[in-house]
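To start, the structure under review is shown below, and the notes come after it.
Readers should treat all values here as calculations from the given coordinates under stated rules, not as data from a laboratory. Just so we're clear, the structure is a prediction, and the values are computed from it rather than from any experiment. Positions of Cβ are backbone-derived with ideal geometry, glycine not excepted, and every protein chain shown enters the neighbour counts.
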Amino acid sequence: MDTKTDQSYSSLTPDCVLNALESLGLRCDGRLLALNSYENRVYQIGMEEGAPLVAKFYRPARWTDDAILEEHAFVQELAGREIPVVPALTLDGKTLHEFDGFRFAVFSRHGGRAPELENRDTLEWMGRFLGRIHAVGALEPFRHRPALNIETFGVAPRDYLLAQDFIPADLDAAYRSVAQQALEHVRHCYARAGDVKNLRLHGDCHAGNVLWTDDGPHFVDFDDSRMGPAVQDLWMLLSGERADMVRQMGDVLAGYEDFCKFDERELHLVEALRTLRLIHYSAWLAQRWDDPAFKQAFPWFNTQRYWQDRVLELREQIALMQEPPLWQA
């Protein structure tokens, strides 16, 4: 497939978006609403007949076709087991399509509101569905999507930031030192957890990727789905002080373990995974800094204050990684 090899969406005009859908035989009515997404470009598109559809145009060169199709197959597998997810629609016998060099997929529109994560019943309900997702995710591995581990989410992103000179000169030594110390403590956390099992995950299971209705949650946007420890899909539901997070994790696991056994050793990884996510997030912004949408949406990135805060943040994470895991007082 001849797809674009840079990160430019400059030629993805409204006409291009509408023409892409009409190339599949879909009759658009001209209504086009850009939805909140930075990694990809996502639009709600009105149809002449029926409800609007949602089209996702994948960031050029980020994933291979095989990796995208593997994600689609996983979500379809979940949907086939009546787990509330939103699979890509099969049109012309395919879920992944190409138009004018852009790869895209089409989805049914699903509305909803943010889940009330302070509600214990909500956390238990979400835990039940995450347990069902993981029970399916454990059946076989991804073969084309990367794993979440210290190298992919810590070492490689750290090295990219340093190699591309994103760190201000007067903070370079401090960032190098604290990032190295943070990664060493991440390794210690993994060593304490031992040989935990990796499985197919949602990968980015924060509140923004859950749509709540009176019927419960719908899990959306599996774009970051990858292999990793189960607790990766649980810890982002936690917030507040340590006592709050202990209670919240207990509520999530009360539902989770109705469908999937949780290995408590993975609780050693909560702050380690948070640390990896923080390092990875900075590199994610840096790697897309040539995209004008990122400069507009994240004007605070790559300022002196931003990197000062990252140094302090990693120092705090080093301290947190030395604390006992959440189940201990």
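Overall, the stretch 14-108 carries a charge dipole of about 240 debye about its Cα centre when +1 sits on the Cβ of Lys and Arg and -1 on the Cβ of Asp and Glu, all other atoms neutral. Loop-only GluC sites (Glu not before Pro) in the stretch 54-120, please: DSSP not H, G, I, E or B, and at most 13 other Cβ atoms within 10 Å. Taking the stretch 54-120 and a limit of 13 other Cβ atoms within 10 Å, the loop GluC sites (Glu not before Pro) found are GLU82, GLU116, GLU118. Inter-part distance, the stretch 160-194 to the stretch 84-158, computed on C-alpha centroids, equals 28 Å. Here the dipole of the stretch 161-213 is about 360 debye; that uses its Cα centre as origin and unit charges on the Cβ of Lys and Arg (positive) and Asp and Glu (negative).
Of ASP92, ASP224, ASP215, the residue with the greatest mean-square motion in the GNM of the chain, using alpha carbon springs below 10 Å, is ASP215. Adding -39500 (n - 2.57) for every DSSP H run of four residues or longer, then dividing by how many residues the chain holds, sets the calculated 222 nm ellipticity at -13500 deg cm²/dmol.
As a calculated quantity, the FRET efficiency between ALA61 and ASN19 at R0 = 22 Å, using C-beta atoms, amounts to about 0.50. Sequence-ordered 3J(HN,Hα) estimates for the stretch 214-229 from the Karplus curve with 6.51, -1.76 and 1.60 and θ = phi - 60° stand at 4, 8, x, x, 10, 8, 10, 6, 8, 4, 9, 4, 6, 7, x, x Hz, glycine and proline given as x.
The calculated FRET efficiency for the pair ASN119 and VAL196, based on their C-beta separation and a Förster distance of 25 Å, comes to about 0.30. Between SER177 and GLN76, the FRET efficiency from the beta-carbon distance, with R0 = 51 Å, is close to 0.65.
Residue-wise HN-Hα couplings along the stretch 129-142, as the Karplus relation 6.51 cos²θ - 1.76 cosθ + 1.60 with θ = phi - 60° gives them from phi, are 6, 5, x, 5, 4, 6, 4, 6, x, 7, 6, 7, x, 6 Hz; Gly and Pro carry x. With an a/c value of 1.5 or above and a/b not larger than b/c for the gyration tensor axes a ≥ b ≥ c computed over the alpha-carbon atoms, the chain is described as oblate. Highest-first packing order for the peptide set 228-235, 283-290, 264-271 is 228-235, 264-271, 283-290, based on the mean count of other beta carbon atoms within 10 Å. The modelled label-to-label distance between ASP165 and LEU91, using points 7 Å beyond Cα along the C-beta direction, is 4.5 nm. When DSSP beta bridges are restricted to pairs lying wholly in the chain, around 95% turn out antiparallel. Relative to the longest principal axis of the Cα atoms of the chain, helix 304-321 runs at roughly 60 degrees.
Taking PRO84, PRO157, PRO168 in turn, the Gaussian network model of the chain (Cα-Cα springs below 10 Å) assigns the largest fluctuation to PRO168. Between GLU98 and ARG27, the contour length at 0.36 nm per residue exceeds the alpha carbon distance by 23.8 nm.
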